[in-house]
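The values are calculated or read from the model by the stated rules, or taken from the named source; none is laboratory data. Keep in mind it's a predicted model, so treat the numbers as computed, not measured. Don't worry about glycine lacking a Cβ; one is built from the backbone with ideal geometry, like all the others, and counts go over all protein chains shown. Accessible surface areas use protein heavy atoms only, side chains included; no ligands, DNA or RNA. Shrake-Rupley method; radii C 1.70, N 1.55, O 1.52, S 1.80 Å.
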Amino acid sequence: MKYGGERPLFGARDMRLENIEITDGESGIKCCENIECVKSRFYGKYPWWHVDKSIIDNCYFAEGSRSAIWYSNDMTMKDSVIDGPKFFREMKNLSLENVRINDADETFWKIDGLKLKNVELHQGTYPFMFSKNIYVDGLVSDAKYVFQYCKNVEIHNARIKTKDSFWECENVTVYDSELDGEYLAWHSKNIRLVRCHISGEQPLCYLDGITLEDCTFDAACDRAFEDSRNISATIKGYISEIKNPVSGTITADRIGKVTYDEFAKGKNTMIKERENGGE
């Protein structure tokens, strides 16, 4: 079946949709409940709004299906491809598995309860803004400015290449991941990185509460930890520069240089090299 025009499936309940197309128009599936959609394709704008208790499996959302899924709670999406921008807004309990998003512009805004497994995000800016209670296992992302103003985030096995990631966040733990980009986690609170590799300029600045466990730094990382306080960092290998940390402990195998400017806020950080036991 093909559906076009304005709101062709408005108010549908307890329905399975298989091999359908939303061809054009707006709001193809709106104000619905308990909908399962399989092997279907979406081309029109805003096709999935105010739909609670839904499953989307093996579906395709074209570039024209912008702002497609908003205000829809208790939703699961699997094995699907999204080419449209501005997906997933103002939702609770959203789960994605094996999903590729090719235009991640302004995606995942104000989501409460987000689970991602084997998800790819490409292009676009500011995914995950203002979201909370997030669990991720398997993420590849080259979108810019990911995870800003987020709370209660746990991430495993991610490869994130970006700029200005994890800004203004609170209660974030990242395991076994690659974090590549400038200005990592500025102005955040309670950040924990475990066995992560960090690349890019000026990481981990203006933080309150940063824990690193067996993390590694790219040689080009410089001016790390500036104006950060309550630091507990165990670094494997070499870190090129530590600048103006406020308080805590930083231990690394080797440290290139430690810099304090004249007007730095404090020098209450213990900085150690493992190889020679110096401070």
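Given labels modelled 7 Å from the Cα in the Cβ direction, how far is it in nm from Glu154 to Tyr238?
That separation, rounded to one decimal, is 3.6 nm.
Of Arg192, Arg89, Arg13, which has the most accessible area with a 1.4 Å probe, and how do the rest follow in descending order?
Ranking Arg192, Arg89, Arg13 by accessible area, largest first, yields Arg13, Arg192, Arg89.
Hey, what does the equivalent ellipsoid look like for region 92-170, semi-axes from the Cα gyration tensor as sqrt of 5 times each eigenvalue, largest first, whole Å?
15, 15, 11
List the aspartates and glutamates whose Cα sits under 13 Å from the Cα of Lys265, skipping any in the same chain fewer than 8 residues away.
Correct list for Lys265: Glu226, Asp227.
Report the percentage of all Cα-Cα pairs in region 56-120 whose separation exceeds 16 Å, rounded to a whole percent.
Taking all Cα-Cα pairs of region 56-120, the fraction more than 16 Å apart is 38 percent.
Taking a ≥ b ≥ c as the square roots of the Cα gyration tensor eigenvalues, with a/c under 1.5 meaning rounded and otherwise prolate when a/b beats b/c, else oblate, which class fits region 12-119?
The shape class here is rounded.
Given the pairs Lys115/Lys144; Lys53/Lys86; Lys39/Lys132; Lys86/Lys132; Lys86/Lys161, which are separated by over 25 angstrom at their Cα positions?
Lys39/Lys132
Over what distance in Å are the Cα centres of region 27-63 and region 140-205 separated?
Cα centroid to Cα centroid, the span is 31 Å.
If I ignore ligands, DNA and RNA and count only protein heavy atoms, how much of Asp83 is accessible to a 1.4 Å probe, in Å² to the nearest 10?
Asp83 exposes around 40 Å² with every protein chain in place.
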